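No lab work stands behind these numbers, since they all come straight from the coordinates. None of the values given here were measured: they were computed from a predicted structure. Don't worry about glycine lacking a Cβ; one is built from the backbone with ideal geometry, like all the others, and counts go over all protein chains shown.
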Amino acid sequence: MKPSSMIICRCEEVTIEQLEQAFRTGSCTSRQLKMKTRASMGACQGRVCRQLVEAWVHDNNPDAPHDTELLSYRPPIRPVTFGQLAKGES
């Protein structure tokens, strides 16, 4: 496997090559890359890939401060049916 085809975000199947392309077109922060590539928007909500994306950004833009637009993540929640919502159950 070529390094550029390595998958960073398994949920959205985002590769290093996609991050590089987005970076070249002006997406310079973790958040901008997330919006452009959907990295960390999958089922895990960034719990697996968030740190990889942020580390990649810092490696490619070491002058950027570490705390600029860090990605947030949300823990997965339990699905609720419309029927449960209508009854007020959870």
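DSSP loop (so not H, G, I, E, B), at most 15 other Cβ within 10 Å: list which trypsin sites (Lys or Arg not before Pro) in segment 1-65 pass both filters.
Answer by residue number: R10, R38, R47.
Along each of its three principal axes, how wide is the spread of alpha-carbon positions in segment 1-53, in whole angstrom units, largest first?
27, 27, 15
Using a Förster distance of 41 angstrom, determine the FRET efficiency expected from the C-beta separation of R38 and K87, and round it to 0.05.
Efficiency, from the Cβ-Cβ distance: 0.75.
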